[in-house]
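Novice: This structure is in structure tokens; I'll ask about it shortly.
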Amino acid sequence: MIHRCGTFVDDEGGTKREPAGARMTPWTLVYDRFDPVEERRRETLCTLGNGYFATRGAAPESSADGVHYPGTYVAGCYNRLTSRVAGRAVTNEELVNVPNWLPLAFATPGCAWFHTGTDTLLDFRQTLDLRHGVLYRLLRYRDGHGRVTLVRQRRIVSMADPHLAALETTFLAENWSGIMRVTAALDGSVVNGGVERYRGLRGDHLVDHATGRREAVTWLRARTSESEITVALASRVRTGAGPGEIVQAPARIATEHEISLEQGRPAVVTKTIALATSRDHAIADARSAAVRRAALAPGFGHLLARHRLAWARLWRRARLQVDDPAGARIVHLHTFHLLQTLSPHTADLDVGVPARGLHGEAYRGHVFWDELFVLPWLNVRFPETARALLRYRWRRLPEARVHARALGLPGALFPWQSGSDGQEDTQLLHLNPRSGHWTADNSHLQRHVGLAIAYNVWQHFTATGDLEFLRTFGAELLVEIARCFAGLAQRDPATGRYEIRGIMGPDEYHDAYPGAAAPGLDNNAYTNIMTVWLLLRARRTLALLPVRDRADLTARLELYPAELERWEQITRRMRVDFHDGVISQFTGYAGLLELDWERYRGVRRLDRALEAEGDSPNRYRASKQADVLMLFYLLPARELLGILRRLGCPHEPELVPRTVHYYLRRTSHGSTLSAVVHAWVLSRSDRPGSWRFFTEALGSDVNDVQGGTTSEGVHLGAMAGTLDLVQRCYLGLEIHRDGLGLNPLLPEPLARLSLPLRVHGAWLTIDVDHDRVLVCRGDDGPELLNVVVRDQSAEVGRETTCYFPARQRRRAHERGRGP
Ligand code: BGC
């Protein structure tokens with residue numbers, strides 16, 4: 001059905017993988033009725049952003065009122081506040097909810113401002129256009145005097161000019177003529193209040209508000225209280241009539257307009273805003289930059305055209321075509337939100353990967369290890385953005401060194417949660433909403449963030465072949481992390497084995513031994529084995545550097561042969577525990593009790609359920625998310641078994657499926673990352689099982705699988721992880737230094753897959769179905785490189801390797817045919 005107001009929506013049936021109350025077409029997310037209960041989740045899923053800032057898909061006429069939560073977040077704009085919680089002073093750093101640019105309210109003669117809760121809604125539709133990054137809204141309502149008005153809105157956060165956003169509103173009086181009052185405001189009275197669990201904490205980050213007007217532009221400026229970032233908004237409202245009356249307060253400025261509506265004739269109001277902060281490049285000050293940009297901004301039509309063009313360019317690079325219609329829609333949605341958080345504009349910023357996007361306030365906008373799931377996708381699509389995210393880490397090496405020193409360690413220790421300056425910002429207390437208890441949060445003991453960063457350094461180098469990246473900062477980052485993990489490993493004289501004690505692995509259910517006085521566990525297998533991987537890679541990285549660079553780096557870091565010799569020892573003698581024929585998650589895991597899974601069936605947050613009963617998951621063999629299995633996610637089986645062999649540990653191939661199935665039965669998937677990892681590790685051995693997990697991961701946000709958390713922000717790691725599953729896992733894509741291997745094994749419901757990839761600076765197009773693989777050079781696929789027909793009777797497809805041009809030339813030369 002084409003809607004009577006001419007929106008672009010086509011009619012496609014719903015599927016199981018629809019967000020509640022919504023339906024999806026390949027490129028749209030459509031809500032046909034207003035639902036106050038669903039509103040916050042909808043706001044998250046309808047967020048518009050451009051990598052510099054993002055604004056939730058909230059109704060412009062509403063403020064934060066229990067149903068709506070407008071929020072705008074600028075990448076990297078953090079502030080610290082101290083609150084009193086459970087009798088303690090607790091300091092938290094948060095991504096700041098900056099002043100709201102959206103407000104636009106309207107009222108028919110003699111009536112109050114329109115409100116979805118009180119006026120009679122005759123028609124409602126909200127549509128997110130994923131292809132072009134436009135949020136459409138349509139309201140048709142009757143006021144208390146029987147006047148029927150149609151309101152259409154189009155909203156963009158410009159992908160072409162990252163400082164601009166615009167809201168166009170068209171009014172159509174259907175059965176009346178008269179004056180429509182419209183007020184358009186900039187509102188600085190906002191606080192961080194989007195997450196119920198954090199209500200006990202302060203959220204008043206903005207101080208020193210000021211407002212003013214310069215010609216046709218109004219402005220609002222505020223400052224974050226500790227980080228002293230000036231945030232400025234400027235707004236230009238065009239109605240076709242005069243500039244409107246100013247209503248000004250220190251934290252809010254509005255223009256009020258009277259628009260003469262004639263029955264049946266549309267009238268348009270356009271609000272164009274500019275956002276700037278004192279962190280921006282190339283400005284004198286935030287306020288004048290915002291004012292100037294708002295004044296100079298083109299009209300809505302032009303802005304929209306430029307914005308659509310920018311999105312078209314992004315989609316060319318981001319294309320991931322799957323022929324499962326339900327899956328394709330969500331692939332588009334995930335790509336869209338990923339690019340709104342981490343776009344090419346990000347490459348020019350000093351920001352990390354916020355675990356919940358720029359879409360809400362969960363986890364306070366902190367950066368965890370989730371980039372592990374994000375960078376592999378970016379590496380082969382937007383390598384410059386991936387590189388900027390690694391540079392964000394590198395810039396925080398000094399802080400990571402201080403962190404390491406404080407614990408008596410060499411090298412650099414990256415924090416579990418951080419934001420602005422790379423200091424540890426993990427909270428010390430955690431509220432269990434189920435019991436109302438504040439409990440100790442020991443998750444800062446997750447030391448494995450550094451492993452993720454180092455893994456990403458290596459992956460980025462492998463995908464791009466960019467030796468310059470290694471020379472300038474990649475190698476330093478990787479080597480400093482390696483030193484720290486080598487420092488964590490201490491030799492037990494009794495066994496001669498190296499051990500890493502007193503830490504936590506990725507599974508957050510286990511932070512201590514039952515009854516122990518202090519938190520921390522010994523020899524988390526993921527950490528220990530990845531440390532071995534890291535030390536081997538660090539040596540290889542050093543060997544790859546040109547001689548002079550290697551000498552410079554080792555001299556600067558004071559990295560002497562004795563330290564390298566110690567690394568060698570660790571890679572041969574690291575401790576890994578085993579029980580029941582599988583890898584133990586940590587030393588002592590075998591002594592834990594089995595959980596009564598039947599009793600807790602369907603409970604994802606077992607930690608909260610058990611704590612509310614006075615119990616603790618520390619007593620049980622029950623994991624929140626993949627922990628040991630992360631090893632199978634990151635390392636090809638041959639590499640992992642090779643490390644185990646090197647360590648003198650069991651390494652028979654059957655260890656892999658045994659370990660997978662052991663932990664699969666003991667995981668509650670209390671993190672959306674878990675389904676991604678399980679889909680990956682089952683992709684070759686249990687294709688239907690892998691597909692089930694993949695489908696679950698696709699539903700992380702559209703189905704809000706973690707029960708209400710999507711309203712607080714998207715799960716960026718899971719979103720990117722699903723894209724990477726299709727791209728690397730189901731394609732069997734392995735990028736080596738001098739070529740790429742493909743070993744596709746598509747799940748049964750996926751008949752075809754087509755995507756461009758940028759590998760070592762060259763664009764390739766890969767087309768796969770159940771029978772063949774086409775690899776072409778160029779993203780339009782002009783030149784055929786390789787064709788492979790897979791042996792359909794085999795479980796695992798035949799491998800094809802396509803060499804990079806340099807290697808091809810070398811091989812030709814070796815065969816005597818080269819130049
Ligand atoms: C997971 C972590 C993850 C964090 C942020 C937690 O629930 O356990 O692994 O990094 O969420 O996404």
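Novice: Angle check, please: helix 547-557 long axis (alpha carbons) against the longest principal axis of the chain (alpha carbons), in degrees 0 to 90, nearest 10.
Specialist: For 547-557 against the chain, the angle is about 80 degrees.
Novice: For a quick protection proxy, order the peptides 712-718, 402-408, 637-643 by their average other-Cβ count within 10 Å, most packed first. Each step should come with its number before you reach the end.
Specialist: Details: 712-718: 26.7, 402-408: 13.7, 637-643: 15.6.
Ranked from most to least packed, the peptides come out as 712-718, 637-643, 402-408.
Novice: Between helix 672-681 and the chain, what is the angle of the helix's C-alpha long axis to the longest principal axis, kept within 0 to 90° and rounded to the nearest 10?
Specialist: 40 degrees
Novice: Here's something else I'd like to know. Can you give the % of DSSP beta bridges in the chain that are antiparallel, to the nearest 5?
Specialist: Working: 136 of 140 bridges.
Just about 95 percent of them are antiparallel.
Novice: Report the percentage of all Cα-Cα pairs in segment 204-298 whose separation exceeds 17 Å, rounded to a whole percent. All intermediate terms of the calculation are to be shown ahead of the outcome.
Specialist: On the way: 2406 of 4465 pairs.
That fraction is 54 percent.
Novice: Considering every pair of different Cα atoms, what Kirkwood radius, in Å, is found for segment 34-315?
Specialist: 19.4 Å
Novice: Here's another thing I want to ask about it. Report the GluC sites (Glu not before Pro) located in segment 222-286 that are in a DSSP loop and have at most 16 other Cβ atoms inside 10 Å of their Cβ, or state none. Write out the running numbers ahead of the final one.
Specialist: Numbers: sites: E226, E228, E245, E256, E258, E262; in loops: E226, E228, E262.
Here the sparse-neighbourhood loop sites are E226, E228, E262.
Novice: Could you please tell me the mean projected area of the C-alpha convex hull for segment 73-199, averaged over all directions and given in square nanometres to one decimal? Show your work: numbers first, answer last.
Specialist: Numbers: hull surface 43.4 nm².
Taking a quarter of the hull surface, the average projection is 10.9 nm².
Novice: Moving on to the next point. When you have a sec, figure out the Kirkwood radius of the chain from all distinct Cα pair distances and drop it here in Å to one decimal?
Specialist: Numbers: mean 1/r = 0.0356 Å⁻¹.
Result for the chain, one decimal place: 28.1 Å.
Novice: Same structure again: If each of E174 and R319 carries a label point 7 Å out from its Cα toward its Cβ, how far apart are those two points in nm?
Specialist: Taking the two extended label points, one gets 4.1 nm.
Novice: Please turn the phi angles of segment 646-656 into ³J(HN,Hα) values with the Karplus equation 6.51 cos²θ - 1.76 cosθ + 1.60 (θ = phi - 60°), one per residue in order, whole Hz, x for glycine and proline.
Specialist: For segment 646-656, the Karplus curve yields 4, 7, x, 9, x, 8, 6, x, 5, 4, 5 Hz.
Novice: How big is segment 574-658 along each principal axis, measuring the range of its Cα positions in Å and listing the largest first?
Specialist: 44, 23, 19
Novice: Counting helices only, and only those DSSP H runs with n ≥ 4, report the 222 nm mean residue ellipticity of the chain as the sum of -39,500 (n - 2.57) divided by its residues, in deg cm²/dmol to the nearest 500.
Specialist: Working: 20 runs with 237 residues, N = 819.
Calculated mean residue ellipticity at 222 nm is -9000 deg cm²/dmol.
Novice: Further question on the same structure: For H651 and A762, what does the FRET efficiency come to when R0 = 41 Å and r is the distance between their Cβ atoms, rounded to the nearest 0.05?
Specialist: Working: r = 36 Å, r/R0 = 0.89.
Efficiency at R0 = 41 Å is approximately 0.65.
Novice: Please report the antiparallel percentage of the DSSP beta bridges confined to segment 319-730, to the nearest 5. Write out the running numbers ahead of the final one.
Specialist: Working: 11 of 15 bridges.
Taking every DSSP beta bridge within segment 319-730, about 75 percent pair in antiparallel fashion.
Novice: Hey, with R₀ at 45 Å, roughly what FRET efficiency would A328 and L296 work out to, going by the Cβ-Cβ distance, to 0.05?
Specialist: Numbers: r = 39 Å, r/R0 = 0.87.
For R0 = 45 Å, the calculated efficiency reads 0.70.
Novice: What ³J(HN,Hα) values, in whole Hz, does the Karplus curve 6.51 cos²θ - 1.76 cosθ + 1.60 give for segment 228-235 when θ = phi - 60°, with x put for Gly and Pro?
Specialist: Calculated HN-Hα couplings, in order: 6, 8, 7, 10, 10, 10, 9, 10 Hz.
Novice: With label points built 7 Å along Cα→Cβ from the Cα atoms of H115 and D738, find their separation and express it in nm.
Specialist: Each label point lies 7 Å from its Cα, and together they span 7.1 nm.
Novice: Give me the one-decimal nm value for the distance between modelled label points at S260 and D32, 7 Å along each residue's Cα-to-Cβ direction.
Specialist: If labels sit at S260 and D32, their model points lie 4.0 nm apart.
Novice: Using only the alpha-carbon atoms, how far is helix 475-488 inclined from the longest principal axis of the chain? Give it as 0 to 90 degrees, nearest 10.
Specialist: So the inclination is approximately 60 degrees.
Novice: Counting alpha carbon pairs within less than 8 Å and at least 6 residues apart, what relative contact order, in whole percent, applies to the chain?
Specialist: On the way: 1773 pairs, mean separation 87.6, N = 819.
In percent, rounded to a whole number, it is 11.
Novice: Skipping prolines and chain starts, which residues have an amide H placed within reach, meaning under 5 Å, of the one on M574, given they are 5 or more residues away or on another chain?
Specialist: Counting only residues 5 or more places away or on other chains, the set is Y498.
Novice: Expressed in whole Å with the largest first, what are the equivalent ellipsoid semi-axes of segment 319-730 derived from the C-alpha gyration tensor as the square root of 5 times each eigenvalue?
Specialist: In descending order, the three semi-axes are 30, 27, 21 Å.
Novice: Something else about it: By how many nm would the segment from S189 to L467 lengthen if fully extended, with 0.36 nm per residue of separation less the alpha-carbon distance? Walk me through the numbers on the way to the answer.
Specialist: Numbers: separation 278, 0.36 × 278 = 100.08 nm, distance 4.87 nm.
Once the chain is fully extended between S189 and L467, it gains 95.2 nm.
Coordinate-derived values only; no laboratory data. In this text the structure is predicted, and so the values were computed from the model without any measurement. Glycine gets a Cβ as well: all are built from the backbone with ideal geometry, and neighbour counts include every protein chain shown.
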